[in-house]
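Step one of this worksheet: look at the structure below.
The values are calculated or read from the model by the stated rules, or taken from the named source; none is laboratory data. These numbers were taken from a predicted model, which means no experiment stands behind them. When we count neighbours, we look across all protein chains shown, and the Cβ atoms used for this are built from the backbone with ideal geometry, even at glycine.
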Amino acid sequence: MAAQTDPVISILITTYNIADYVAETIESVLSQQCSYPYEILIGDDGSTDGTDRIAEKYCEDNPERIRLFRMPRDPDADYNRVERSSANRLCLLKNARGKYVSFLDGDDYYLRTDRLQRMAEILEDGKNRDCILCAHNLLMVYPDGHSAPLSGMKKERKITFPEYWKLTFLQSNAVLFRNIYREELPQGLLARIYDDNNITCALLRHGKMYYLPECYGAYRQVEGSSWNAIDRVKQAASNFIGYSVERECIPEYGRISDIRHYPDLKVLYRHRAELSAERLSPFYQTAKALKLEKSLRVYRMGRRGGAPLSEIRKRLILAGAGYYMARVMRLCRKAFGIY
């Protein structure tokens, strides 16, 4: 076995004001029964509720395994949640030493103690050299106590990028990936917007996904979280920030990205009369600062500098046809037991 100073797996935990949950998260990683040595990197985004102090205590108790990184935060600033979480993840990724990497939000946790062992064994298997990552299903856990699997995919199998990208979403907590960033961190827009969808999107350019239908982790749905605290229009605007990143990362799959973001475009079109810089803040400001023309044209649809409404309607028709066709194909695959 390699020395603890030479980890095979890096678990990157991002935290912000989750003092009620972070201990359970860290404990779920420390409880892993894994023959591969692993390290835990915790990135705190300027918490004010004591989250960082809890993480610091774990570092003191496990100095050879856990490291803590802090990001300063101005309490008066209006931050874009995606940019902040991206910077936090990228800081940890820069310091990750493992051959394999997995992100974990600080309010989520692993359900099984063999999670790391199972996924690492799959990626170590020579038959799976064509896979850039291994992913599992997640159990969505709600405040009222009920839970449900995130994905309806029930068959263990390899999945190509086009199949995954049209309709499927697996949060980055579900993924263990080959650390292709040990020599060079993500470039271009990914260096600023490194969110769940963009992480998977960028990785799947390098290979397939090996999918496990079992729920090896819990995806906690926290009331008042940075995502749940914004309405559907702002969620769509946020997703269109990711759309611009995707089009830069995978220009050859532009049509598939249009299909994936059809629901977001539909929401923004329906609320087009409301789409102002103030209504879409801070995503509008991010798109402007990063010169994300594909996002800005949608935000400004029907107005100066925006896409003509005729263009948006045409995109909705074409993307909608692909979206519903993908749903029909998914139903067929389920019926034949290959989904």
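List of remarks:
- Within segment 161-188, if we keep just the residues that are touching a strand residue (DSSP E or B) at 6+ places or on another chain (Cβ under 6 Å) and part of a loop (DSSP other than H, G, I, E, B), the residue that is surrounded by the fewest Cβ atoms within 10 Å (Cβ to Cβ) turns out to be Asn179.
- Residue match in segment 37-59 (condition: assigned to a loop (DSSP other than H, G, I, E, B), surrounded by fewer than 16 Cβ atoms within 10 Å (Cβ to Cβ), touching a residue at least 60 places away in the same chain (Cβ under 8 Å) and not polar (S, T, N, Q)): no
- Hey, Gly98 modelled with pLDDT under 95 and not aliphatic (A, V, I, L, M) or not: no
- Some residue of segment 25-35 being more than 17 Å from Met71 (Cα to Cα), modelled with pLDDT under 95 and either surrounded by fewer than 20 Cβ atoms within 10 Å (Cβ to Cβ) or basic (Lys, Arg) (or both): no
- Residue in segment 65-80 that is of a type in the set (Phe, Trp, Tyr) and at pLDDT below 95 present: yes
- For segment 216-242, the candidate set comprises residues that are surrounded by fewer than 22 Cβ atoms within 10 Å (Cβ to Cβ) and hydrophobic (A, V, I, L, M, F, W, C); within that set, the residue that is farthest from Leu150 (Cα to Cα) is Val233.
- Qualifying residue in segment 90-103 (condition: crowded, with 19+ Cβ neighbours inside 10 Å, under 18 Å from the mean Cα position of the chain (by Cα), under 23 Å from Ala229 (Cα atoms) and assigned by TED's automatic domain parsing to the domain that holds Asp44): yes
- Taking the listed residues Val245, Val175, the one that is modelled with pLDDT of 90 or more and assigned by TED's automatic domain parsing to the domain that holds His271 is Val245, with no other qualifying.
- Residue identified as of a type in the set (D, E, K, R) and in contact with a Leu (Cβ under 8 Å, 6 or more places away or on another chain) among Asp52, Asp61, Asp45: Asp52
- Restricting segment 189-216 to residues that are touching a Cys at 6+ places or on another chain (Cβ under 8 Å) and part of a helix (DSSP H, G or I), the residue that is farthest from Ile122 (Cα to Cα): Leu189
- Taking each residue of segment 186-208 that is under 17 Å from His261 (Cα atoms) and assigned by TED's automatic domain parsing to the domain that holds Thr286 and looking for partners that are buried (at least 21 other Cβ atoms within 10 Å of the Cβ) and polar (S, T, N, Q) with beta-carbon atoms closer than 8 Å, six or more apart or interchain, yields nothing.
- Test: residue in segment 217-229 that is at negative phi, of a type in the set (A, V, I, L, M, F, W, C) and assigned to a strand (DSSP E or B): yes
- Filter result for the condition that a residue is in contact with a Lys or Arg (Cβ under 6 Å, 6 or more places away or on another chain) and either modelled with pLDDT under 95 or hydrophobic (A, V, I, L, M, F, W, C) (or both), over Leu104, Leu111, Leu41: Leu41
- Test: residue in segment 265-278 that is touching a helix residue (DSSP H, G or I) at 6+ places or on another chain (Cβ under 7 Å) and under 21 Å from Leu190 (Cβ atoms): no
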